[in-house]
Structures are given as structure tokens and as C-alpha cells.
Amino acid sequence: MGTFARAERLRKLPPYLFAEIDKMKAEARKRGVELISFGIGDPDLPTPGHIIRALQKAAENPQNHQYPDYEGTPAFREAVATWYRQRFGVALDPETEVLSLIGSKEGIGHIPLAFIDPGDVVLVPDPGYPVYHAGTLFAGGESYPMPLLRSNHFLPDLSAIPSEIVRRAKMMFLNYPNNPTAAVATQEFLQEVFAFARQHGIILCHDAAYSEIAFDGYRPPSLLSVEGAKEVGIEFHSLSKTYNMTGWRIGFAVGNAEIIAGLGAIKTNLDSGIFKAVQEAGVAALTGDQTLIHETCQIYQRRRDLLVDGLKRLGWEVEKPKATFYLWVPVPPGYTSKELTVYLIKEAGIVTTPGVGFGPHGEGFLRLALTVSEPLIREALQRMERLKL
Ligand SMILES: *Cc1c(COP(=O)(O)O)cnc(C)c1O
């Protein structure tokens, strides 16, 4: 209420759905319930030791105590280009096609400011990472939701977007492997989206935060490995999920030089880059032992199998995702996603995220993050067995 009315751009944001859920959590804790949280997509595993040691060493160097270059140190951008070539077989110019980000969320939130004017439309997945819509709104743009439906494997149906919207669309966000649905996209699908974006002059922003979190030998493709994609596309990557570095705030954007330069122009005016010692640690992550990523994925895979098999035994209808550390679980009949979330907290001390929190088409699902140890997953399954669902 206070004296200072918030700006319209903040008041236009969707209402904070989690207030009631936070209250339930606090009440359960007060009753002495040990909550088991599948709610937040934040790795519980520590950052690998060689990355921490690189930071420790770099923090000692006074040269690293001064302002960094906003676009990233040459060594970091070089390391990104090398990693990208080795991982996806795509060549990048570290000078013009790579930009460091203070976590990829920062770049995703800021890019509409570089290209979107009032009246412009941004196509965003629904359900989707909330920052696509918020960043669009802050830039004065209008977001148009592209439903991700189970019947279409949680891929947007481009032919269902009205031509009037396509005409006004200047940007599209896409995210595979996908949060929250855990769906994956084939190279052919990315090819199709690229062709659509090129035909209509749309900037294609692919959020690939989960490109390295995959199972059963599956390797998610990059947008830029689609022939010609650099003409209209950029891809956002993050060290957060790949190297268990969510708290470090380091990510990067790669791709079309003009789009990268636009985002860079916003950033020079708003931030002054990433602490150089953190960038040195980022170099250590990208150039160091990559087999550690495989070990991390093995841990998530075991948790995935334990939780999916357990839920199935309890009669839930769940599939094993090929990538990301999420399960996208259909809500049993008789509940909304929010009602079931509240019920699970109250009756079992289990925290999940209601699908509707990611957009109207997330209704009917819960998102469970596999950032919980196996013993706690077992405990959660035991608690759920006692429920009447
Ligand atoms: C976690 C996440 C990010 C970004 O994480 P940063 O820590 O800001 O790099 C971006 N997109 C999606 C879909 C995510 O889940």
C-alpha cells in the first residue's frame, strides 16, 4: 500500500502465486514438519573442486579487483568458443559472437530492451521460464503465449500463431531441453523454427540452460548447429546447471553478431560485467575435465529412475525425461495444480511447484526438481504412500 505506487511495468506482472504456498510451508515448519523440497531448480551438488581453486587463486590477483570488461575477458570468450566448437561443432568468433552474462537470466531479461518497442510482440512458450514474459513487459512489449501441449510433445505449433501476431512479432523465446516440461527438441524441429523465424524476420532466442543435463546417452542439439541459424539466432547458455554454479552468476550468449552487439549495448549502460576472478573460474570449468558433467547427470538419472518408478507404483502417470532435472507430472483428477501443491505440503511436507505458476497451459501438472538426495526421495515416496490420492 505505502506512499510510493509501483510503476505500471511491475503492477502488470502476473500475481505472485507462491504467496499462499509460502504461507503453507511456514505453517508446516512451525508444526515441526521436515519439508522435503522438489520445488526449486537449484542443484544441491557442490561446484567441482578445481573450479573453486581457480577462483581462490584468481581472487588473490589485484588485477582482478578492478572493473572487468562488460563483454567478458578475452580468455573467457575464447574458452566459450573452444567449448562450443568441441561440444556442438560450431565455430564462433570470440570477439563478436560471444558475450559474457551475469547468469543467463540477466541476458534473457535484458535482450528485449535492445530490440523491443511498444507494440512489438514477443512469442513466448506457455508454460515457460517467467523471465521471457517479464523482460518483454519491462521493455514495453507484448508477449504472445505459444501453448506447449502434451499432444504436441510440448513443442509450440507455429502454424497456430495468428498471421496478425506473426506480422508484429519481432522476437521468439524457445527453450530446449525445456523447463518446466522436461521436453526435448530434435534438430529437425529447431530447423523448422529457424526457417519460420527467417521467413518472418524474427529474432530467435534459444535458451539452452539445460543443454548438458541429459540422460541415457542423449545429447541435446544446439540451435546454432542448424545450418544458417546464426542469421537470426542467438543461444543462451549458463554455467549454473552444467557445473553446479548457480550462485556464481556466470553464463553467456552466442550467435548472430548484430543481436549480440545489441544486447551488449544495453549491458554497457546497466552493468559492468562479471568479477574477473569468477570469469577465470569459468575458464577452468569450460576447459577442465568435462567427464564430471557425466557424473552429475548419472546422479540425476538415478534419482529420476527412483522417483519415476516410485510414483508409478503409487499409480501416478509419469514419464522418464531425457533431459533437465525436472519431472513434469500430470495432476490426478479432482485437483488443480495449486490445490495439489497445497495438499502435498499440508499432508506430507512435500514441496512441489504447481504447473500454473509457469503459465495457464501449465495447469494440470506439477513440476518436481530432482535436486533432492536418494534417501530423501525414498522418504518422500513413503510419505506419499500414506496419502489418499
Ligand atoms: C536456470 C535457468 C536459467 C538461468 O540460470 P542462470 O543461473 O541465470 O544462468 C535460464 N533459463 C532456464 C529455463 C533456467 O531454468
Residues meeting the amide H criterion for D126 (H placed from the backbone, H to H distance under 5 Å, 5 or more places apart or on another chain) are M146, L148
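Could the peptides 102-112, 26-36, 261-271 be put in order, highest first, of the mean number of other beta-carbon atoms found within 10 Å of their residues?
The packing order, highest mean first, is 102-112, 261-271, 26-36.
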Identify all lysines with a Cα-Cα distance to K388 below 28 Å; exclude those on the same chain that are fewer than 8 residues away in sequence.
K23, K25, K30, K312, K320, K338, K346
Just to be sure I understand the model, the point goes 7 Å from the Cα along the line to the Cβ. What's the resulting R313 to N269 distance in nm?
5.8 nm
Which whole-Hz couplings ³J(HN,Hα) result when phi for each residue of the range 123-131 is put into the Karplus expression 6.51 cos²θ - 1.76 cosθ + 1.60, θ = phi - 60°, listed in order with x for Gly and Pro?
7, 10, x, 9, x, x, 4, x, 5
Mind checking the log10 I(q)/I(0) for the range 252-389 at q = 0.13, 0.21, 0.22 Å⁻¹? Debye, one equal scatterer per Cα, no solvent, two decimals.
-0.76, -1.19, -1.27
Can you give me the distance in nm between label points at I165 and E8, each placed 7 Å from the Cα along the Cα-to-Cβ direction?
2.3 nm
Given R₀ = 25 Å, FRET efficiency for D44-K346 by Cβ-Cβ distance, to 0.05?
0.55
So which residue, out of L286, L223, L327, gets the largest mean-square fluctuation from a GNM of the chain using Cα contacts under 10 Å as springs?
L286
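Do you know the relative contact order of the chain, to the nearest whole percent, from alpha carbon pairs under 8 angstrom that are 6+ apart?
Value for the chain: 25 percent.
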The range 49-287 - percent of accessible surface contributed by carbon and sulfur, probe 1.4 Å:
52 percent
Convex hull volume of the chain per residue (C-alpha atoms, cubic angstrom)
160 Å³
Separation in nanometres of the label points that stand 7 Å from Cα toward Cβ, at T291 and N61:
2.8 nm
For the range 186-243, radius of gyration divided by Kirkwood radius, i.e. Rg to Rh on alpha-carbons:
1.01
Could you give me the ³J(HN,Hα) list for the range 172-179, computed from phi with Karplus coefficients 6.51, -1.76, 1.60 and θ = phi - 60°, whole Hz, x at Gly and Pro?
9, 9, 9, 8, 9, x, 9, 9
Given the -39500 (n - 2.57) contribution per DSSP H run of 4+ residues, what per-residue ellipticity at 222 nm results for the chain, rounded to the nearest 500 deg cm²/dmol?
-12500 deg cm²/dmol
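The values are calculated or read from the model by the stated rules, or taken from the named source; none is laboratory data. Small disclaimer: the values here were computed from a predicted structure and weren't measured. A quick note on method: Cβ atoms are made from the backbone with ideal geometry, for glycine too, and the neighbour counts reach across all protein chains shown. Note: accessible area is taken over every heavy atom of the protein model, side chains too, but ligands, DNA and RNA are not part of it. Shrake-Rupley method; radii C 1.70, N 1.55, O 1.52, S 1.80 Å.
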